[in-house]
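First up is the structure itself, then whatever we jot down about it.
The values are calculated or read from the model by the stated rules, or taken from the named source; none is laboratory data. On a predicted model such as this, the values are computed, not experimentally measured, just so you know. Quick reminder, even Gly has a Cβ in these numbers, built from the backbone with ideal geometry, and neighbours come from all protein chains shown.
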Amino acid sequence: MNHSQKIPVIIPVETKSREFHGKLFLALELLRRGHPVLFGDQVRLWDYCDLIEPSIYLDKSVAATRKDWFERCLSMGHKVVSWDEEGLVFFNTWMFRKLRIDPQAFNQVEKFFAWGSVQKDAICEEYQDFSSKIVICGNPRFDFLREELRKFYLPKVQELKNKFGKMLLVNTNFAFFNHYKTQDELKTMLAHYPLADEPGYLDGWIEMHRVAHNSFIEMVPELLSRYPDYTIVVRPHPSESHNPWLELAENNQRLHVDATGNVHEWILASEAVIHFNCTTAVESYLLGILPIAYRAEEFPRYENDLPNSLSTNVYNLDELWDALESRNDQSFKNEFWNDGRRRIIEKHIISQSGESAAERIANEITGIAENFEGEGTGSLVKFLRKIKRFWRINLHCYRETVNPPDGYTDQKFPGMRKSEIEQDLKRMKQLSSIETQFSVSKYAKNCYWLKPIV
């Protein structure tokens with residue numbers, strides 16, 4: 001390795017609509033500190049990590065599914081850091097640890113970046129020895145909910161408003177019942193969940209999704225009837241099948257089904273957000289758009305406290321109509337966005353004031369890099385890596401021709417363009433006043449090197 005160059009950082013993206021902007025903003029902070037960043041599709045980066053010089057690999061989880069991958073990563077000479085992309089919202093601390101925290105995987109990471117004190121406390125309640133590895137930083141995708149950065153979405157928000165006019169957003173979260181995969185495939189997937197060994201637990205979770213899904217299927221036509229001058233947008237969870245909603249939309253032009261783009265754009269273009277057990281309630285609250293938890297039936301064992309505590313909760317259609325009619329009432333707004341809810345936010349998410357999550361995490365990674373020498377890379381090794389990359393890229397092209405990716409893969413990661421990265425980084429620089437120069441070059445399909453220009 002050229003020791004005048006700082007340690008590279010590998011940043012994979014699994015679900016583009018959710019992770020792309022936040023992780024790209026983190027990449028910008030790392031570029032400002034002089035770190036090259038390999039940025040792109042998680043699945044493809046897994047196939048190329050052995051061809052990259054020793055780097056710091058940022059993962060999205062420390063669940064049991066990561067244990068073997070972390071072992072491979074370390075064997076390649078990389079160091080691993082992680083956060084939990086889905087660790088903000090959970091039913092209870094026992095479930096969170098059971099589902100999201102694998103002790104062996106956690107032991108293999110250098111640092112774990114927690115959303116807030118609530119998440120750190122939930123981990124340390126059982127695993128006190130992990131405390132020294134946990135740094136409370138927040139998550140960069142929530143940086144864009146801050147006043148100075150949410151302007152990033154304004155062009156798209158205006159585009160959505162021009163296209164749809166007055167809009168109400170319905171976010172679904174029923175993947176355990178209405179999954180993109182078949183029921184048999186879903187059962188096979190769920191069998192690998194750590195909770196599968198708890199008798200009846202997953203069955204109850206699936207039942208909750210079934211009941212809630214059916215209540216939303218019944219509610220949406222009533223919503224269309226109640227608000228004839230509005231477009232109703234249903235935004236399915238990234239793992240859900242769109243088919244039930246598309247069938248519902250066939251005979252109604254005012255019902256639009258769309259999971260593209262960042263949910264923040266759709267929230268800001270809407271007048272209210274209707275959800276069940278969904279993180280989007282937290283995002284809506286922080287963006288000043290009323291989140292409504294539609295709970296036609298309650299499931300105390302499985303429902304998430306945080307989204308419900310930041311929502312107005314309704315239990316039937318009449319209460320839903322009352323909540324929607326109150327959304328523009330100033331006295332209701334003053335009561336709803338109150339100090340109590342702000343204190344809840346502060347415990348769960350640290351980065352809504354002061355340093356951004358991207359700044360905090362980039363500082364931690366830079367600190368790790370200072371004590372990470374890596375191994376020198378000779379010219380022969382570099383040449384052999386280029387040859388291997390050339391053949392591997394062609395092998396992947398051949399495999400995809402013979403066995404094209406399924407629709408589920410495309411739904412979660414529809415692709416990434418160089419121009420998209422360059423344009424979004426440029427706008428992020430303007431809004432954050434980050435002054436740094438960089439280049440973007442393609443490494444493989446949907447994978448790009450972002451390199452600082454000194």
Looking at the stretch 284-305, is at least one residue of a type in the set (Lys, Arg), crowded, with 19+ Cβ neighbours inside 10 Å and out of contact with any Ser or Thr (no Cβ under 7 Å at 6 or more places or on another chain)?
yes
Restricting the stretch 403-431 to residues that are part of a helix (DSSP H, G or I) and of a type in the set (Asp, Glu), which is surrounded by the fewest Cβ atoms within 10 Å (Cβ to Cβ)?
Asp410
Would you mind stating whether Gly165 is in contact with a His (Cβ under 6 Å, 6 or more places away or on another chain) and either more than 30 Å from Tyr408 (Cβ to Cβ) or among the charged types (D, E, K, R) (or both)?
no
Which of the residues spanning the stretch 245-259 are in contact with a helix residue (DSSP H, G or I) (Cβ under 7 Å, 6 or more places away or on another chain) and either in a loop (DSSP other than H, G, I, E, B) or surrounded by 21 or more Cβ atoms within 10 Å (Cβ to Cβ) (or both)?
Asn252, Arg254, Ala259
In the stretch 268-323, how many are within 16 Å of Phe216 (Cβ to Cβ), in contact with a Pro (Cβ under 9 Å, 6 or more places away or on another chain) and of a type in the set (Gly, Ala, Ser)?
4
Has the stretch 372-386 got at least one residue that is surrounded by fewer than 16 Cβ atoms within 10 Å (Cβ to Cβ), over 21 Å from Val233 (Cβ atoms), modelled with pLDDT under 95 and not assigned by TED's automatic domain parsing to the domain that holds Ser75?
no
Sole exception among (1) farther than 30 Å from Ala357 by Cα; (2) touching a residue at least 24 places away in the same chain (Cβ under 8 Å) for Val157, by number
(1)
Might you let me know whether the stretch 119-131 holds any residue that is within 21 Å of Ile11 (Cα to Cα) and surrounded by 14 or more Cβ atoms within 10 Å (Cβ to Cβ)?
no
Consider the stretch 73-113. How many of its residues are without any contact (Cβ under 8 Å) to a residue 40 or more places away in the chain and touching a Cys at 6+ places or on another chain (Cβ under 8 Å)?
3
Of all residues making up the stretch 335-352, the number that are in contact (Cβ under 8 Å) with a residue 24 or more places away in the chain and more than 20 Å from the chain's Cα centre (by Cα)
4
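Table: residues versus (1) over 20 Å from Ala357 (Cβ atoms); (2) among the small types (Gly, Ala, Ser).
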| position | (1), (2) |
| --- | --- |
| Leu51 | yes, no |
| Ala63 | yes, yes |
| Asp84 | no, no |
| Thr93 | yes, no |
| Arg100 | no, no |
Going residue by residue through the stretch 318-325, is there one that turns out to be in a loop (DSSP other than H, G, I, E, B), free of Cβ contacts under 8 Å to residues at least 40 places away in the same chain and on the phi < 0 side of the Ramachandran plot?
no
For the stretch 219-238, the count of residues that are assigned to a loop (DSSP other than H, G, I, E, B), more than 29 Å from the chain's Cα centre (by Cα) and surrounded by 16 or more Cβ atoms within 10 Å (Cβ to Cβ) equals 1
Exactly one condition in (1) loosely packed, with under 15 Cβ neighbours inside 10 Å; (2) modelled with pLDDT under 95 is not met by Ile434; state its number.
(1)
